[in-house]
Structure formats: structure tokens, C-alpha cells
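The values are calculated or read from the model by the stated rules, or taken from the named source; none is laboratory data. No experiment lies behind these values; they were computed from the predicted model shown. Here Cβ is always computed from backbone atoms with ideal geometry, including for glycine, and neighbour counts include all displayed protein chains.
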Amino acid sequence: MQKRLVRALSTTQAAQGTWLDLEDLIEVEVTSEDPAHPIEAALLSSGGDGWRAAEPGAQGIRLLFHKPQRLRRIWLRFAEPALERTQEFVVSWSPDAGETWRELVRQQYSFSPQGATSEIEELRVDLPGVTMLELGIIPDQGKGIAHASLAEWRLA
């Protein structure tokens, strides 16, 4: 399933600065979505408990910018309070509407209900002319039983 977000998004303030006001800047495509946890919940400041895929396995979220954007920060927060699992994510960007892709980061980490229940990633970048930004998530390395989720995604 793909989804294109067409409604306005609001500005989010962070302790370390102001995030991009995504209103009128993007469309969103997602490979899967639990109706109770839509992608808006991860992109909006008052979004609740974030996005969650409807089915288990690898998933993707793609932001399509209407006009090229310069990005300096990419901030992601993942949360998993109940299931012990090892997750991998990859962030890639395209300067030419998806003709070519450049990988920014690929990382694995483990969640544990008795310890690490969240992961925050802050990427300091200097990306001129971003037309597309993609987040790929493999929620449970090789087991295929966990649902991908994302608590928050912010850009500056």
C-alpha cells in the first residue's frame, strides 16, 4: 500500500531549534499502515504514539518534497516497550526525484523491555537539494514477526 499525505502539517519546536514546517512541502508514501497508527502520528508534533505498519516485515516511508530542500538535521525516535528484537534502519536521500539514491546511515540496535525501550538518532548533515528522503526499517532481523514502527521523525 502507498499513501500520499495531502493535508497540512504543523511546525514542531525542539529544545535545540526549530524543525521544518512541513506544511505544503511534502507528500508521504508508506508501504503499510495500521489505521490506528497513521504516518501523521510520527510527523506531527501532536501526533500521539507514532506510526506502525499493519503487517510484519520490512517497511519503508518516503518523503517527497515539492521543491528541493536543504537539510541539516534528521531526527528519528523509535520506541519498543514490549518486544525484544534487533532492528535495522537505513536513511537514504535523492537529489533527482529518485533517479539516484545516496545512503546516509545504516544502523542496527536492540530493544529490550528490561532495558533499552527507545532509540534516538540525530544526523547532522549538509544535504543541498533533497527531493526525496527515505527511511527503510527491518524491524526484527530475519525473524519477520515484528511490525515496523516510528515514534517521531523531524527535519531541519
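So the values come out like this:
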| item | result |
| --- | --- |
| Number of positions in segment 134-152 that are farther than 18 Å from A41 by Cβ and modelled with pLDDT of 95 or more | 3 |
| Total residues in segment 105-156, condition of a type in the set (K, R), outside any loop (DSSP other than H, G, I, E, B) and closer than 25 Å to P81 by Cβ | 2 |
| Complete set of residues in segment 40-59 that are among the hydrophobic types (A, V, I, L, M, F, W, C) and touching a residue at least 40 places away in the same chain (Cβ under 8 Å) | A42, L43, W51, A53, A54, A58 |
| Neighbours by Cβ (under 9 Å, 6+ apart or cross-chain): first from segment 112-130, free of Cβ contacts under 8 Å to residues at least 12 places away in the same chain and farther than 24 Å from E99 by Cα; second part of a strand (DSSP E or B) and of a type outside the set (D, E) | A116/Y109; A116/S110 |
| Lone qualifier among P81, P56 - being surrounded by 14 or more Cβ atoms within 10 Å (Cβ to Cβ) and not β-branched (V, I, T) | P56 |
| Filter pass, E119 being more than 22 Å from E29 (Cα to Cα) and either of a type in the set (V, I, T) or under 15 Å from the mean Cα position of the chain (by Cα) (or both) | yes |
| Filter pass, Q16 being surrounded by fewer than 13 Cβ atoms within 10 Å (Cβ to Cβ), closer than 18 Å to A148 by Cβ and either among the polar types (S, T, N, Q) or modelled with pLDDT of 90 or more (or both) | no |
| Some residue of segment 90-98 being of a type in the set (S, T, Y), closer than 15 Å to V28 by Cα and more than 14 Å from the chain's Cα centre (by Cα) | yes |
| Which listed residue, of A54, A42, is within 16 Å of the chain's Cα centre (by Cα) and assigned to a loop (DSSP other than H, G, I, E, B) | A54 |
| Unique match (being surrounded by 13 or more Cβ atoms within 10 Å (Cβ to Cβ) and in contact (Cβ under 8 Å) with a residue 24 or more places away in the chain) among R62, R70 | R62 |
| Identity of the residue in segment 20-39, in a loop (DSSP other than H, G, I, E, B) and buried (at least 18 other Cβ atoms within 10 Å of the Cβ), that ends up modelled with the lowest pLDDT | L22 |
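Yes/no per residue for (1) exposed (fewer than 14 other Cβ atoms within 10 Å of the Cβ); (2) touching a His at 6+ places or on another chain (Cβ under 9 Å); (3) polar (S, T, N, Q):
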site: S112; (1), (2), (3): yes, no, yes
site: G115; (1), (2), (3): yes, no, no
site: L123; (1), (2), (3): no, no, no
site: L127; (1), (2), (3): no, no, no
site: L133; (1), (2), (3): no, no, no
site: P139; (1), (2), (3): no, yes, no
site: I145; (1), (2), (3): yes, no, no
site: A151; (1), (2), (3): no, no, no
site: R154; (1), (2), (3): no, no, no
